[in-house]
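K.L.:
Okay, handing you the structure first.
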Amino acid sequence: MTLQSEKWKKDFPILNQVVNDEPLVYLDNAATSQKPTAVLNALDTYYRTSNANVHRGVHTLAERATRQYEDARETVRGFINAKEVAEVLFTRGTTTSLNWLAQSLGEAVIQPGDEIVISYMEHHSNIIPWQQLAKRKQAKLNYIELTEDGHLDMESVRQKITDKTKIVSLTHVSNVLGVINPIKEIADLAHSKNALMVVDGAQAVPHMTVDVKALDADFYAFSGHKMLGPTGIGVLYGKREWLEKIEPVEFGGEMIDFVGLRESTWKELPWKFEAGTPNISGAIGLAEAINYLETIGMDAIMSHEQEIVSYLMPRLLEIEDLTIYGPKDTKDRAGVIAFNIEGIHPHDLATAMDMEGVAVRAGHHCTQPLMNYLSQTATARASFYLYNTLSDADKFVEALLATKEFFLYGLD
Ligand code: PMP
């Protein structure tokens, strides 16, 4: 498997470059992924041959652009196994998807005194929209606790989801702890209390098979740019029965059926939610990214990343003064490793590693409540994808050790 990653890497032209006199080793995939030639070509071809506005024109280019845009929706539907294309809404990304939900679903189902349940490991984009909703509606926002090793504490899950809970919104995979959460089990619990299950899939869809029907998620959000697609395109999946019931958040062209002076009506699903000219090329690029991922196979991608993490984990755990956040066991773990070395600020560490050509991230990773929970202000983070090889993993450890030497013992 890992041998194949050498081959996959060749599909990503950006990776073939030297940074600070060293070959680039890109390990910031949880922030965003690189794009294969197939996606770059799809964007280029669209603008060179098919660019037009969708849904409105009858001319040839308009029909071609519309068909490609709607075909892209079908590609996304198949990829996440949604029942119908009406359940696949194009958004700008996970953040927009979750904001739409907190406003629209929030308006429909939350009353004063109701409860919304999230966890301490959420990304800010799965915290703040619910926080704002809770304030607006005088509802209560409850946080699920984590275990020592960074799993959701299932006892806490059972305690926090009560008869007052209307919405449970959890990340499928943590962008810091790397842990994969048991969404189906929690969705069953939520449904047993008549609560809805919302999933932040930003770190899951790019790396593993996600079947929204099997998970029984009511809503599922993800971003194109983290899965080899362009920036500015994302998805909100929702079960038809709920998308029918809730109101759009944005209004204007494209989403209307009839407009009167005082009242208007909306188009049917999924267009009712997509006001204005959509990100047409983004959707087409995302569909091409999905075709690329499907050719390799999501199970192959997942096992490749787990292989890299299994290879790295024992070597990292041997490094004195290095702490890894999240489970040490590589089972139930995706390709994200957040860590700190005592005595070295993660920003200094990331800067020094960049001098070795290794791109890792440092900071709070948009998870300040999690950082507080871990009693940290920041961590370093290496995150892997299909094009990372075992030699990238070796280079990462080498650069880490050299950086540690440099900061703790200085230059000879
Ligand atoms: N949730 C998680 C778990 C993430 O990792 C991210 C991106 N870092 C987001 C949400 C937000 O995604 P976007 O910035 O693409 O909207």
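The values are calculated or read from the model by the stated rules, or taken from the named source; none is laboratory data. All values derive from a computational prediction rather than experimental measurement. FYI the Cβ positions are ideal-geometry reconstructions off the backbone, even for glycines, and counts take in every protein chain you see. Side chains are part of the model used for accessible areas, which takes the heavy atoms of the whole protein and leaves out ligands, DNA and RNA. Shrake-Rupley method; radii C 1.70, N 1.55, O 1.52, S 1.80 Å.
K.L.:
What number of residues within the range 58-77 are free of Cβ contacts under 8 Å to residues at least 60 places away in the same chain and either aliphatic (A, V, I, L, M) or in a helix (DSSP H, G or I) (or both)?
P.N.:
The qualifying residues number 11.
K.L.:
For the range 90-103, enumerate the residues that are assigned to a helix (DSSP H, G or I) and either of a type outside the set (Ser, Thr, Tyr) or not assigned by TED's automatic domain parsing to the domain that holds Phe219 (or both).
P.N.:
Leu98, Asn99, Trp100, Leu101, Ala102, Gln103
K.L.:
Going by the structure shown, is Ile319 more than 16 Å from the ligand (Cβ to nearest atom) and either assigned by TED's automatic domain parsing to the domain that holds Glu22 or in a loop (DSSP other than H, G, I, E, B) (or both)?
P.N.:
yes
The rows are residues; the columns are (1) in contact with a Leu (Cβ under 8 Å, 6 or more places away or on another chain); (2) open to solvent by 40 Å² or more (accessible area, probe 1.4 Å).
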| site | (1), (2) |
| --- | --- |
| Thr377 | no, yes |
| Tyr385 | no, no |
| Asn388 | yes, no |
| Ala393 | yes, no |
| Glu405 | no, yes |
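K.L.:
Separate question: As an exercise: evaluate Ala72 against (1) in contact with a Phe, Trp or Tyr (Cβ under 9 Å, 6 or more places away or on another chain); (2) within 16 Å of the ligand (Cβ to nearest atom) and give the number of the one condition it does not meet.
P.N.:
Tallying (1) in contact with a Phe, Trp or Tyr (Cβ under 9 Å, 6 or more places away or on another chain); (2) within 16 Å of the ligand (Cβ to nearest atom), Ala72 fails exactly one: (2).
K.L.:
Report, ordered by the first and then the second residue, all pairs with beta carbons closer than 7 Å, sequence separation of six or more or different chains, a first member in the range 83-96 that is touching a residue at least 24 places away in the same chain (Cβ under 8 Å), and a second member that is among the hydroxyl-bearing types (Ser, Thr, Tyr) and within 16 Å of the ligand (Cβ to nearest atom).
P.N.:
Here the result reads Glu87/Tyr237; Val88/Tyr237; Thr91/Ser97; Gly93/Ser223; Thr94/Ser125; Thr94/Ser223; Thr95/Ser125, each pair linking the range 83-96 to a residue that is among the hydroxyl-bearing types (Ser, Thr, Tyr) and within 16 Å of the ligand (Cβ to nearest atom).
K.L.:
Has the range 233-241 got at least one residue that is open to solvent by 10 Å² or more (accessible area, probe 1.4 Å), modelled with pLDDT of 95 or more and either within 16 Å of the ligand (Cβ to nearest atom) or of a type in the set (A, V, I, L, M, F, W, C) (or both)? Walk me through how you get there before you give the answer.
P.N.:
Initial filter on the range 233-241 (open to solvent by 10 Å² or more (accessible area, probe 1.4 Å)): 239-241.
Checking which are modelled with pLDDT of 95 or more leaves us with 239-241.
If we keep only those that are either within 16 Å of the ligand (Cβ to nearest atom) or of a type in the set (A, V, I, L, M, F, W, C) (or both) as well, we get none.
Within the range 233-241, not a single residue is open to solvent by 10 Å² or more (accessible area, probe 1.4 Å), modelled with pLDDT of 95 or more and either within 16 Å of the ligand (Cβ to nearest atom) or of a type in the set (A, V, I, L, M, F, W, C) (or both).
K.L.:
Just checking, which of Ser5, Ser97 is open to solvent by less than 80 Å² (accessible area, probe 1.4 Å) and at pLDDT below 95? It would help to see each step written out before you state the result.
P.N.:
On the way: Ser97 fails: at pLDDT below 95.
Answer to the selection: Ser5.
K.L.:
Next up: Kindly indicate the residue of the range 327-340 that is at pLDDT below 95 and over 18 Å from the mean Cα position of the chain (by Cα) and also most open to solvent (accessible area, probe 1.4 Å) among those meeting that condition.
P.N.:
Lys331
K.L.:
For the range 276-314, which positions are over 22 Å from Ser174 (Cβ atoms) and more than 23 Å from the chain's Cα centre (by Cα)?
P.N.:
Gly276, Thr277
K.L.:
Mind telling me which of the residues Gly150, Gly178, Gly113, Gly106 ends up being in the same structural domain as Gly201 (by TED's automatic domain parsing), over 30 Å from Ser281 (Cβ atoms), out of contact with any Leu (no Cβ under 8 Å at 6 or more places or on another chain) and open to solvent by less than 10 Å² (accessible area, probe 1.4 Å)?
P.N.:
The conditions single out Gly178.
K.L.:
Within 16 Å of the ligand (Cβ to nearest atom) and either on the phi < 0 side of the Ramachandran plot or among the hydrophobic types (A, V, I, L, M, F, W, C) (or both): which single residue out of Leu98, Leu61, Leu105, Leu40 fits that description?
P.N.:
Leu98
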